[in-house]
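Down below is the structure, laid out as structure tokens.
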């Protein structure tokens, strides 16, 4: 599929989203391009907030507290069913309108003009104004499904203490990301033709039958140029390393480049990389690398990104900056997917990076993908099944698989309706909501996925057919709640509402909602639908009443306190009693993913289940009066009392914590 075909397909996909989600065409392409920016690692998250007045416009935004940054997105929609050009004037105008929004909001000029009922835009105006003394970075993205020139993108600059970075994501850049994700485009570095340079190297003979090893020194200027071209694509096999914002660039790297560039090589540990092929030429019997194919940085992502960020300051001279580099060449193509992640994992063991960061090719996700290609959706009539759900483990798989059908795209869409496509970040939202952690879901798709992956890394992940079916049931539940909330036209925080309602439903049903029935019917029942309708009013009022007056609602939804103060609120649930599995049923939902409990875990759960509710309430009161334990453990003690009175089945993690807390309390003088 070439760029022109991709552009037409991309528009068609967006129009399907318009029809299904009942949103504008501009919002649809904003959502779709945002997915690519997030998947590339350039962006952490994005939330729609369409706003347009004279000289001002934005379509989406994100606030990243950790990096003291605000991202603003403005979209240009092209409706033609062909590859369409976008003028330089339109691109420049879009950048200008988004920047005007930022300064107007920051200076308090929009507060009185924005209707509070439009919560989506009111929220971003409030955040920009309230963070005027803490935010040091602004990134403005222009998103378009048209083709444009990158030459019009303004250079990074500093204004009023704010570092402003400008990025353009047109259909060509989206297409490049699609090619990288689908494995159709590999990063190939031609040092001679593209950079007029060749790398003197040392070839380590017979290191391994599987891997060839090279050591080389790469000029910092060339490394920065390569990263500037490929960005996160260069770190594809690495941990998802977000480029540190300008004000947060590694201070040591920046100071060394500015003050002692000739000492960079001595001070820095260098980078570890992998490749599929290395071309070496000899000159006077000295080997030089002239070309690297399928090149990936697996350790040193922050070094690479920081050198690039520092290079954008014209006063910094990279001519004396050199970086030591190891290249591991995997000879057998069939072993690349197995060996490269291991190299990446072990190369990063000296850092705080966890195994949870290496997930795209894990057995868990591969198993989900395999079931999605083989497990047909049940039919209500009992006739022949016609469609399946499609798990897009890597960005672009759906579009790629459809394009391979060669004229039979409609049959593919019938077998895999787009409304039944879900990604790994969607999956993590379904599960984390069901696991009653909506506050983590509220931290954004990428952050939530990282937390979810970390949880997976602590367990054995044997994905069964039944687990897959129940996962799809959770997806249906999530999507149906989303649909019901959308009909209310509340104006904002829909994503938070959906996650909190699903978490509350999971909590109130003690995770015993009949997911098998939802899978069989591919829809939620009327009693569940009606309960969700009732929950909306309670949850909406709750999230709009933060514990601290004036707190931003989006930030409040990220707090565990928001969930803890909601979950035990009263709501009548007798209406769904027929939707709950009984103890007699061979159905137990835990926080584990399809695995059987070990004898030790079963014993812990059995022992913890013997502790009565009044013991936990007394322990919680004792801990508070005597200022013992952390606030989390004190709250957990109380929650364990509630669960005990409900005769709820504890997860292994809950049981382990319960026994730990009780033992510690007794050691410190608590008496039952």
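Overall form of the range 599-667: prolate. Here a/c, set by the Cα gyration tensor axes a ≥ b ≥ c, is 1.5 or more, and a/b is the larger of a/b and b/c. Ordered by the number of other Cβ atoms lying within 10 Å of each residue's own Cβ, fewest first, 545, 37 fall into the sequence 545, 37.
Subtracting the Cα-Cα distance of residue 186 and residue 408 from 0.36 nm times their residue separation leaves 77.1 nm of extension gain.
Using 0.36 nm per residue and subtracting the Cα-Cα separation, the extra length available between residue 4 and residue 208 on full extension is 69.0 nm. Normalised radius of gyration (Cα atoms, divided by 2.2 N^0.38 Å) for the range 363-579: 1.06. Taking the C-alpha atoms only, the angle from helix 631-645 to the longest principal axis of the chain is near 40 degrees.
Among beta bridges from DSSP that stay inside the chain, the antiparallel ones total about 65%.
How far, in degrees from 0 to 90, does helix 445-457 lean away from the longest principal axis of the Cα atoms of the chain, to the nearest 10? Approximately 70 degrees, to the nearest 10.
Once you reduce the range 479-553 and the range 308-325 to the center of their Cα atoms, the two points are 50 Å from each other. Largest first, the extents of the alpha carbon coordinates of the range 3-177 on the three principal axes equal 46, 36, 31 Å.
Rounded to the nearest 500, the helix-only mean residue ellipticity at 222 nm of the chain stands at -14500 deg cm²/dmol, with each DSSP H run of n ≥ 4 adding -39,500 (n - 2.57). Ranked by the mean number of other Cβ atoms within 10 Å of their residues, highest first, the peptides 4-17, 277-290 come out as 4-17, 277-290.
Taking the DSSP bridge list for the range 3-177 and keeping only pairs wholly inside it, about 45 percent are antiparallel. If you compute Cα extents along the principal axes in Å for the structure shown, which of [x] 82, 52, 47; [y] 88, 70, 58; [z] 82, 61, 61 do you land on? From the options [x] 82, 52, 47; [y] 88, 70, 58; [z] 82, 61, 61, the structure gives [z]. With a Förster radius of 22 Å applied to the C-beta separation of residue 570 and residue 645, the computed FRET efficiency comes to 0.90.
Restricting the calculation to Cα atoms, every distinct pair contributes to the Kirkwood radius of the range 11-101, found to be 14.1 Å. Modelled spin labels at residue 522 and residue 610, positioned 7 Å past Cα toward Cβ, are 4.9 nm from each other. Can you give me the distance in nm between label points at residue 483 and residue 529, each placed 7 Å from the Cα along the Cα-to-Cβ direction? In this crude spin-label approximation the distance works out to 0.8 nm. Computed from the C-beta positions of residue 118 and residue 313, the FRET efficiency with R₀ = 51 Å rounds to 0.85. Subtracting the Cα-Cα distance of residue 628 and residue 663 from 0.36 nm times their residue separation leaves 11.3 nm of extension gain. Which angle from 0 to 90°, rounded to the nearest 10, does the C-alpha axis of helix 465-487 make with the longest principal axis of the chain? Helix 465-487 sits at roughly 90 degrees to that axis.
Every number here is computed from the coordinates shown, using simple stated rules; none is lab data. Because the structure is predicted, anything quoted here is derived from the model rather than measured. Neighbour counts run over all protein chains shown; Cβ positions are idealised from the backbone, glycine included.
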